[in-house]
Amino acid sequence: MAALSLLVGCASPRASDVGACGAPQLEEARDAWRPGAPGAPEIATGYTRKRLVTARRDLVVAAHPLAAQAGCEVLAQGGSAVDAAIAVQMVLNLVEPQSSGIGGGAFMLHYRARDERLFAWDGRETAPAAARANDLRWIDDDDHRPPVPSARASGRSVGTPGLLRMLEQAHAQGGRLPWRALFEPAIRLAEEGFPISPRLGQSIAAAAPALQGDARARALFLQADGSAKPAGTLLRNPALAATLRTLAEQGAQAFYRGAIAAAVVEASADTRGGTATPGRMTLTDLAAYRAPQREPICTPYRRVYLVCGMPPPSSGGLAVAQVLGMLESFELAALAPTARDAEGGKPSVLGVHLVAEAERLAFADRDRFVADTDFVPLPGGSPARMLEAAYLRQRAALIDPRHSMGRARPGDLGGPAQGRAGPGIEQGTTQISVVDRDGDVVSMTSSIEGAFGAYRMTRAGFLLNNQLTDFSARPVDEQGQPVANRLEPGKRPRSSMAPTLVFRRRADGARGDFLLATGSPGGAAIIPYVTKTLVGVLDWGLDAQQATALVDFGAFNTPITFVGGEHPNVDGREQGRHDALVQGLRALGHRVDTASQSSGIATIVRRTGADGTPLYEGGADPRREGLALGTPAAAGFR
């Protein structure tokens, strides 16, 4: 079968060098994939050790072996990083439907090496034109019962999907292969089927009661008795195959007008026989959707790096930049992990403390000030005010190395008073990182929000997002102040997604050579996940796999600091009572949570080989079933 052959080598006969796409890694992935295999990742739990992958050119890191293989196949045919990302995403829609897909949205950073241009694409979903401020709180202004069966599983949570529009525009700017060719791996898999992976199997089992309420989702994911289809079951999706064929031939416009658009509106409006609150999306909302190109946020770090991320409506790039700006006040290099090993070693107590405290301060600003800037401007009208060096030094001065602040207050940034909103969820998310032979790079984070989105499947074979739940359910806070991230017609909900690219910084401050690409799923925890990966490489000298695998740690603006208890270098027994890192943090006043983390970090680091040519490292998160694949590289770095 094509799906199984993809696990051990590229199935396409059209490219003579496709077989070089990471065959050893694929053999390992096949063994780890067998249902019941020791250490196979589980949803929100598990840790499977992965090795560093190196490549001379053409490297892709994605959340599923079949998706990584599709991207590698495209690169081997001469495709660009954008081409590969599109092929990866189409396969992920099929094999990781709980996390992302064409019924959702995404943010993409794309570096085009030939002219050194950096593009930031916003494919975030939008609220329908008919949306009302309290749509997530109650059924109507005259009926204050909450949406049925919940805000998430009602049609009220569904935003106008933006992924396909964004991908088509990025392809026009950075693609090499024909658009239609990028859909072929996903179409083939949808028609012939693929084995349900352990993580998808457990995801289906966890969501089975909610999936039961949607006839199409029930037919695809559940057995006749209502139980989840188990890992190893061959899953086919002919409806999605037909949709992908249409999109391949007709382009994204076929999604936003016509039969597919009608299927989206129909699924959003479905009342399920009067047992669910319908959404307000219309065909006009779909036809009017635009994916704008935005100005990336690029800030210097340690004088020698330039770290670039997404601007609002994602808070990820801004929050990561604030954290790094505050950490410049501390010598983190001296606080590197001890007992360094392939899993990143054991983080130091003071290193984790400083990072977590900076994150509390950044989240305080994020929760108060950041939203869709097309509706609510940032203080000062741009990210610059929140990223001023003097302001971040002032914020860093609030960090006490001897004790945790517990909860931070937002900074005094002027502007109109805004109510505070919480961090948000965004657990149904994935990360794709790609570099091609010409040095083009893509870091893309895409999402349908919660696992399986709104639990609503279209007759076109894909799930719809529940992304509007990233808005604050209450438009005003307890003091009556308007919340920046309140629901408004046409507005994009605030995100935490943080696709990130790092470059060397030239002597004149300009952007130099590409150095690093990373990003992760994880809701608000994306910001700490990305931060620890960046600090791991830039401050602590870890390689791509070590930094990705490193213990997940961090904080939102609460007294709780999380330390991932699933990691082999953390003793999570009895809530970490026997772990030196956990106990050290508690001695500094942290309330430490050792729950297992489910990051899905995908990292690429550019090194220089012994012969002076670029070598790329790929790191895939051990907490999920992803993979780094590329062409082989000779050993030896300098």
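The values are calculated or read from the model by the stated rules, or taken from the named source; none is laboratory data. Bear in mind the structure is a predicted one, so any value in this text is a computation, not a measurement. Here the Cβ is made from the backbone with ideal geometry for all residues, glycine too, and neighbour counts use every protein chain on show. Accessible surface is based on the protein model in full, side chains and every heavy atom, while ligands, DNA and RNA are left aside. Shrake-Rupley method; radii C 1.70, N 1.55, O 1.52, S 1.80 Å.
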All but one of (1) modelled with pLDDT of 95 or more; (2) within 22 Å of Arg504 (Cβ to Cβ); (3) of a type in the set (S, T, N, Q); (4) open to solvent by 30 Å² or more (accessible area, probe 1.4 Å) hold for Thr558; state the number of the condition that does not hold. (2)
Tell me, please, whether a residue that is open to solvent by less than 60 Å² (accessible area, probe 1.4 Å), among the polar types (S, T, N, Q) and over 27 Å from the mean Cα position of the chain (by Cα) can be found in the range 247-262. no
Test: Thr243 is of a type outside the set (A, V, I, L, M) and open to solvent by 50 Å² or more (accessible area, probe 1.4 Å): no
Quick check on Asp365: is it modelled with pLDDT of 95 or more, in a loop (DSSP other than H, G, I, E, B) and not aromatic (Phe, Trp, Tyr)? no
Taking the range 111-141, which residues are among the aromatic types (Phe, Trp, Tyr) and within 25 Å of the chain's Cα centre (by Cα)? Tyr111, Phe119, Trp121
Taking the range 322-338 as the search range and keeping residues that are open to solvent by 10 Å² or more (accessible area, probe 1.4 Å) and either part of a helix (DSSP H, G or I) or touching a helix residue (DSSP H, G or I) at 6+ places or on another chain (Cβ under 6 Å) (or both), which one is farthest from Ala544 (Cα to Cα)? Ser329
Of the residues that sit in the range 441-481 and are charged (D, E, K, R) and under 20 Å from the mean Cα position of the chain (by Cα), which one is nearest to Arg368 (Cα to Cα)? Asp470
In the range 485-540, residues that are touching a residue at least 12 places away in the same chain (Cβ under 8 Å) and either part of a strand (DSSP E or B) or of a type in the set (D, E, K, R) (or both) total 22
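Considering only the range 437-454, state which residues are closer than 23 Å to Ile526 by Cα and either open to solvent by 10 Å² or more (accessible area, probe 1.4 Å) or not in a strand (DSSP E or B) (or both).
Within the range 437-454, Gly450, Ala451, Phe452, Gly453, Ala454 meet the criteria.
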State whether the residues of the range 580-589 include one that is farther than 17 Å from Leu354 by Cα and either surrounded by fewer than 18 Cβ atoms within 10 Å (Cβ to Cβ) or without any contact (Cβ under 8 Å) to a residue 12 or more places away in the chain (or both). no
Asn237 fails exactly one of the following numbered conditions: (1) open to solvent by 30 Å² or more (accessible area, probe 1.4 Å); (2) within 30 Å of Arg280 (Cβ to Cβ). What is the number of that condition? (1)
Applying the selection to the range 207-234, what residues are surrounded by fewer than 16 Cβ atoms within 10 Å (Cβ to Cβ) and of a type in the set (Ser, Thr, Tyr)? Ser227
Kindly provide the set of residues from the range 368-391 that are touching a Ser or Thr at 6+ places or on another chain (Cβ under 8 Å) and assigned to a helix (DSSP H, G or I), ordered by number. Leu387
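Any residue in the range 148-171 that is without any contact (Cβ under 8 Å) to a residue 60 or more places away in the chain, open to solvent by 30 Å² or more (accessible area, probe 1.4 Å) and hydrophobic (A, V, I, L, M, F, W, C)?
The answer is no; no qualifying residue exists.
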In the range 563-593, anything part of a helix (DSSP H, G or I) and of a type in the set (Gly, Ala, Ser) is listed as Gly576, Ala580, Gly584, Ala587
Check on Gly78, at pLDDT 50 or above, surrounded by fewer than 24 Cβ atoms within 10 Å (Cβ to Cβ), on the phi > 0 side of the Ramachandran plot and part of a loop (DSSP other than H, G, I, E, B): yes
Between Thr531, Thr631, which is modelled with pLDDT under 95, on the phi < 0 side of the Ramachandran plot and not aliphatic (A, V, I, L, M)? Thr631
Residue check for Asp341: loosely packed, with under 15 Cβ neighbours inside 10 Å and either of a type in the set (Asp, Glu) or part of a loop (DSSP other than H, G, I, E, B) (or both): yes
Listed residues Ala231, Ala153; which is touching a Phe, Trp or Tyr at 6+ places or on another chain (Cβ under 6 Å) and outside any helix (DSSP H, G or I)? Ala153
Of the residues in the range 89-135 that are surrounded by fewer than 24 Cβ atoms within 10 Å (Cβ to Cβ) and of a type in the set (A, V, I, L, M), the one that is nearest to Thr233 (Cα to Cα) is Ala120
Considering every residue within the range 191-200, establish whether at least one is part of a helix (DSSP H, G or I), open to solvent by 30 Å² or more (accessible area, probe 1.4 Å) and of a type outside the set (Lys, Arg). yes
Do we have Arg290 as out of contact with any strand residue (DSSP E or B) (no Cβ under 7 Å at 6 or more places or on another chain), in a loop (DSSP other than H, G, I, E, B) and on the phi > 0 side of the Ramachandran plot here? no
Considering only residues that are among the aliphatic types (A, V, I, L, M), in contact (Cβ under 8 Å) with a residue 40 or more places away in the chain and open to solvent by less than 50 Å² (accessible area, probe 1.4 Å), which ones fall in the range 263-309? Ala263, Val264, Ala267, Ala269, Ala276, Met281, Leu286, Ala291, Ile297, Leu306, Val307
